[in-house]
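Structure record follows, encoded as structure tokens.
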Amino acid sequence: MTPTENAQREARRRRTLAWVVALATVGLIFDGYDLVVYGAVVSTLLRDPSQIGTVTPAIAGMLGSYALVGVMVGALLAGSVGDLLGRRKLMLLSYAWFSVGMGLTALATSTTAFGWLRLFTGLGVGSLVATTAALVAEYAPKGRKNQINAITNGGIPLGSLLAALLAILLMEHIGWRGLFWVGALPLVTLLPLAYFKMPESVAWLASRGRMEEARALAERTGIDLPELLAPQATAAAPAGAGKLGFAGLFSRYYLFPTLVLGLMSATGLVLVYSLNTWLPEMMLRAGFNAKGSLSFLLVLNGGSLFGALAASRAADRFGPKPVVASCFATGALALLLLTLGFPLGLLLAIVAVVGLGTSGTQTLIYGFVANYYRTNVRAAGVAWCAGFGRLGGIGGPMLGSTLIGSGLELNAIFYVLAGLGLLAALLTLLVPLTRAQAEPRASRAEPAPQAAPMEAALPALR
């Protein structure tokens, strides 16, 4: 290939990556918006029964969890569907699904309807999270995978920040229903654009044996297909390498890390959803006014956004495992510091660090998991992490309602949450190295194996 052709291919690759990252990020902005918009309006629902009926703290916790049940189911289904049908189709369906759900929720007039529609919306949100991480991991360049995933998944805290900001600025003007209508905008904005600009995964096409389509798409998008498949062509195939989706995920080789990663994600999401649902209400009870309490939510998600972007660079340099564990531990320490009665300015700074150690760390986890698994189980791996992890998300709002409803002091609640942060850090340290990570260290004295022909690699990928 001539230098001119190489330059043209690289330009196509950069352009494709830019579209994939931009569209995926915007999609996850609305995921993050969905995460926080309920927490931003829950105080209104608690205090005004004319909206959807009487809402007690216990009912509010249940309503917050309904969406997460949907997210869990949607993510787990996406693991199989995404590995069978492809990333692009499922992402487009997810955009349409959760947009319609948000719009219908804005019309709810009872707690029953509100709860069912939150569950319906969660199905689309869950499938989107799982599929997005898999697609982005397959287009991100080597050496920048954690950073690109953090940029993309940074859409989640950015959307959360947007929800808190719009609640502060617009709640009194458009009400809680207007905030939910904002969440329906992807149906008429993002979905049409993604239909024309979001490509299928070249790696997924190759893993399904559709090599002609993979070569054509690689040429159009600037992806180097031999480079993409070479690591899997030269590596010894682990036990269960030919198994697809969840069958490969729960093969003997991946079983233990799969269980640990799921528990790690679930513990982290208990923290994420406890804080994003109940932090404004806790700050109200601590004596701050409505806008002041929402400011804590704004700072929490701002800290998660910028903290995760900074931490992702460390993850590419040192590996995601120690960085994720350190972030969880830092978040736990920050939660303990919230009990010491610092002045408001310092208190807000500590809340930003809590954001890094909770929502920001969850952003890093999706990149960690997406790059941990092989192509033919990647979507299932991310789906497991997002889906099983949502058990923690379901428990988060309910944990918050239990702690608040029991009359515990604010400091005691922060002690409980800090303990969960330390548990998540310990679970992260239990995740073993993949065989690809461990073998180079063990075989430095051995001659490098001869690369297998490209076509010979295909059976291991299917």
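Read-outs: derived from the displayed coordinates by stated rules, not from any lab. Here the structure is a predicted model, which means the values were calculated and not measured. Cβ placement follows ideal geometry from the backbone for every residue including glycine, while neighbour counts extend to all protein chains displayed.
Placing R0 at 41 angstrom, the Cβ-Cβ distance between residue 340 and residue 144 gives a FRET efficiency of 0.60 after rounding to 0.05.
The orientation-averaged shadow of the Cα convex hull for the stretch 1-136, equal to a quarter of the hull surface, comes to 9.3 nm².
In terms of other Cβ atoms within 10 Å, 431, 377 run from fewest to most in the order 431, 377.
Note on the chain: dipole from Cβ charges, positive end direction compared against 403, 333, 170; the farthest Cα belongs to 333. Set the Förster radius R0 to 30 Å, insert the Cβ-Cβ distance between residue 252 and residue 213 as r into 1/(1 + (r/R0)^6), and round the FRET efficiency to 0.05. Taking R0 as 30 Å, the efficiency between residue 252 and residue 213 is 0.40. Across the chain, counting alpha-carbon atoms alone, Rg and Dmax equal 22.1, 74 Å. Between residue 195 and residue 318, the modelled labels are 4.7 nm apart [label points 7 Å from Cα along Cα→Cβ]. Relative contact order of the chain: 26 percent, from C-alpha pairs under 8 Å at least 6 residues apart in sequence.
Total lysine pairs in the chain at Cα distances under 24 Å, for residues eight or more apart or on different chains: 7.
Its DSSP H runs of at least 4 residues, each contributing -39,500 (n - 2.57), put the calculated 222 nm mean residue ellipticity of the chain at -27000 deg cm²/dmol, to the nearest 500. Calculated FRET efficiency, residue 430 to residue 409, Cβ-Cβ distance, R0 = 45 Å: about 0.85 to the nearest 0.05.
3J(HN,Hα) couplings calculated from phi for the stretch 379-393 with the Karplus curve 6.51 cos²θ - 1.76 cosθ + 1.60 (θ = phi - 60°) are, in sequence order, 4, 5, x, 5, 4, 4, 4, 6, x, 4, x, 5, 4, x, x Hz; Gly and Pro show x.
Loop-resident chymotrypsin sites (Phe, Trp or Tyr not before Pro) (DSSP state other than H, G, I, E or B) in the stretch 135-187 with no more than 10 further Cβ atoms inside 10 Å of their Cβ are absent. Counting neighbouring Cβ atoms within 10 Å and putting the fewest first, the residues 415, 95 line up as 415, 95. All Cα-Cα separations within the stretch 67-118 were binned at 10 Å from zero, giving a P(r) of 23, 46, 24, 6, each value a whole percent of the pairs.
Among 11, 82, 52, whose Cα lies farthest out toward the positive end of the dipole of the chain, if unit charges sit on the beta carbon of Lys, Arg (+1) and Asp, Glu (-1)? After comparing all options, I get 11. Dipole check for the stretch 1-139: with +1 at the C-beta of Lys and Arg, -1 at the C-beta of Asp and Glu, and the Cα centre as origin, the magnitude is about 340 Debye.
Dipole check for the chain: with +1 at the C-beta of Lys and Arg, -1 at the C-beta of Asp and Glu, and the Cα centre as origin, the magnitude is about 660 Debye.
With neighbour counts taken as other beta-carbon atoms within 10 Å, the residues 188, 324, 42, 21 rank, fewest first, as 188, 21, 42, 324.
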